[in-house]
Amino acid sequence: MSRVPAAKKRRLSPPESAPSDSSPPPPSHKYKSSFLANAAKWDLEQDYEQRPRKIKKRKENSKLLVRTSEGWVAPPTVPEEREEDGSDSFLGTESEGEIEDQEEAVEEKPKVPPRQQILEAKEELARIASLVNEDPEEHIGALKTLAGLAASENTTVRKLAIATQAAVFKDLIPGYRIRPLSEEAMGEKVSKEVRKLRDFEQKLVSGYQKYVQELGTLAKLSGSGAPEQSASLASVAIACACNMLLAVPHFNFRSELLKILVGKLSTTRVDVDFVKCRETMEKLFHDDEDGNASLETVTMLTKMMKAKNYNLDESVLNIFLHLRLLAGFSSRASYNSVDKSDEHQGKKIKQKREFRTKRQRKLLKQSKEIEKEMKEADAAVSHEERDRMQAETLKMVFVAYFRILKARSPKLMGAVLEGLAKYAHLINQDFFGDILEALRDIISTAETSGDAEADGDAESDRYEDNELPERNLTRESLLCVITAFALLQGQDGATAASTLKLDLSFFITHLYRTLHAVSLNPDIERSAKSLHLPDPHASQAQTQPEATNKINVQTTIVLLIRSLSSILLPPTALRAVPPLRIAAFCKQLMIISLQLPEKSCIAMLGLLNRVTNTHGRKVSALWNTEERRGDGIFDALKPEIEGSNPLAGTVWEGEILRRHYCPTIREAVAGIEKNVMAAR
């Protein structure tokens, strides 16, 4: 430590009574006494006050006066900022340099390699997750730490943190929905345990809300033009949203999770994330018991379809086929109304009023309130509420189907017909006429297009190039036939026979004319999920199949069997099938069985076995040449059923099928002949 120099002493002038300059100085003790006497008279504060100092310069106030309640007041002046010069003070310059060095030292952090960051993040995530699982109420604040790790600059660390958050929330979320507390509820005096539980629930809900919002933000980064890192983050976010929706569909913020999935399904680009969202919704429909989640999902899907003007992939519309609630629904609906069940119609029988005292009425009211709270706690859905949600769901589905049917969207026509064929028994009778008219138009269009292709006419040019490979007219016409007969079969037999006057001869004639063309279809046993290998010797333009199957529910042979069963084997109350129609179809089905593949031939002969078992007497003449009932010859290519003269021919195809290489086919032919012989 350096020695501090002694302060300089002021030199005092000699006293007035002192001798001349040439006289010797006074002794030292007299000098000290005089210095002390004069020092007491000094005014040091006044001296310091009069010393000059630097004052901040103020700008000249050039503003106008301001009028206030107290009068006209001059606006306050702003002092000028003093220009600091580094040369003013050596110490000041030195301190600024030290500050700059400290800032540079703070900015220069040690660089950790990415691999080390990932390893450290894994250990930290595992530690936090284990703490939260051990005591959730004590370590609920660790959710913020997980959220901080999810905001890391390292993409891999962010993925791990997002996946860890999903696993932690799946373990923490209870089996009930947490309602937000009002200000009155927050101010209530409760026990310590209740307050601790409330704090835990509110922190859980807030943390989960931020997590779902982060998933929604990341999911928007997906797309064809997105960077690779953003696309990978979006895929992880969508996968987590799907897992959370299936794991906790009853919890808060289900709508936000559904928005993520619906937003992905609104794109026309089908990728892995698209398929993941579609399969998640299908499983959600299949597992939903109360119907609340299904109703919300269907509502959001229909709104998205309308906003996109139904320009979407067909598989999105096929999600409605997996609805669990509509399988057991008994009411009828259309696009604007739902019929009430017959059980609720009519006047209720007035019960005899029972006398109760005031105390009994009060106790009864309290017991009803307790029962209502218990039902809400158990999440029990009453039959009335369930039927209401089923009706709303059905109405939403029919709204989407009828709008697409009215717009004649070629991409979605197959899916709409498949849905109408499945839910035709739930359609209101007042809407049958409009549906049948639309189905006739579709079949007429299919026939016109088929004739133009067969004749090589240029009439097919009126369809756009991108629409031709997306429509399968054969399957659409079969679905139209199934839907038309399902409308009739889905109603009550007696009511349908007496009140409904539906002329379905147009659909029967069309199916009869298309039997030969359908039997020669090489893809009759294939669906959209089957493998279609391209021809290696074909050109590049011909490698794509011309009739790409977009209806991925049933194969063509299954649809054909369903159509024929509706015509030849109607319900008991509607079995007035003319013998001429039965005979014509049996003869044609035996002819096309020669052209069908093995499995399709087995299915067709199985149908004929049931037909001969039911209408054996009407068709027995076809298996016996001595019992011919018609004159002339049989014309298999006649477009009208009555003009083909089926009873003038015989079923000689059975002799060929009896020598088939498949033993099952041989047994089926023998069974048909046995039924015919038994019916004589």
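The values are calculated or read from the model by the stated rules, or taken from the named source; none is laboratory data. The shown structure was predicted, so the numbers you read here are calculated from the model rather than taken from an experiment. Please note: Cβ atoms are built from the backbone with ideal geometry, for glycine as well, and neighbour counts cover all protein chains shown.
Only helices (runs of 4 or more DSSP H) whose full extent lies in region 596-660 are considered here, and the ones with at least 1 residues that are farther than 20 Å from residue 561 by Cβ are 616-619, 653-657.
Going through region 194-225 one residue at a time, which ones are aliphatic (A, V, I, L, M) and surrounded by 13 or more Cβ atoms within 10 Å (Cβ to Cβ)? Scanning region 194-225 gives 197, 204, 205, 212, 215, 218, 219, 221. For region 235-284, filtering for residues that are over 9 Å from the mean Cα position of the chain (by Cα) and not polar (S, T, N, Q) leaves 29. Evaluated against (1) in contact (Cβ under 8 Å) with a residue 40 or more places away in the chain; (2) over 19 Å from residue 133 (Cα atoms), residue 196 falls short on exactly one condition, (2). Taken over region 403-433, the residue count meeting the criterion of being in contact (Cβ under 8 Å) with a residue 12 or more places away in the chain, part of a helix (DSSP H, G or I) and out of contact with any Asp or Glu (no Cβ under 8 Å at 6 or more places or on another chain) is 18. State whether one or more residues within region 161-178 are touching a residue at least 24 places away in the same chain (Cβ under 8 Å), in contact with an Asp or Glu (Cβ under 6 Å, 6 or more places away or on another chain) and not in a helix (DSSP H, G or I). Checking region 161-178: at least one residue is touching a residue at least 24 places away in the same chain (Cβ under 8 Å), in contact with an Asp or Glu (Cβ under 6 Å, 6 or more places away or on another chain) and not in a helix (DSSP H, G or I). Among residues of region 645-664 that are over 16 Å from residue 602 (Cβ atoms), those with a Cβ under 9 angstrom from a residue that is among the polar types (S, T, N, Q) and part of a loop (DSSP other than H, G, I, E, B), sequence gap 6+ or separate chain, pair up as 650/624. The set of residues in region 290-323 being more than 22 Å from residue 410 (Cα to Cα) and free of Cβ contacts under 8 Å to residues at least 40 places away in the same chain consists of 297 alone. Do you know which of the residues in region 480-506 that are at pLDDT 75 or above and over 37 Å from the mean Cα position of the chain (by Cα) is surrounded by the fewest Cβ atoms within 10 Å (Cβ to Cβ)? Once the filter is applied, the top-ranked residue is 505. Restricting 649, 654, 632, 671 to residues that are of a type outside the set (D, E, K, R) and surrounded by fewer than 12 Cβ atoms within 10 Å (Cβ to Cβ) narrows the list to 632. Of all residues in region 643-667, those satisfying the criterion of being within 24 Å of residue 626 (Cα to Cα) and either among the aliphatic types (A, V, I, L, M) or not assigned by TED's automatic domain parsing to the domain that holds residue 606 (or both) are 647, 648, 651, 656, 657.
Within region 241-261, being part of a helix (DSSP H, G or I) and crowded, with 19+ Cβ neighbours inside 10 Å holds for 241, 242, 244, 245, 254, 257, 258, 260, 261.
All conditions but one from (1) farther than 30 Å from residue 266 by Cβ; (2) at pLDDT 85 or above; (3) charged (D, E, K, R) apply to residue 395; the one that does not is (1). In region 226-240 there is no residue matching the filter, namely being in a helix (DSSP H, G or I), surrounded by fewer than 17 Cβ atoms within 10 Å (Cβ to Cβ) and at pLDDT 90 or above.
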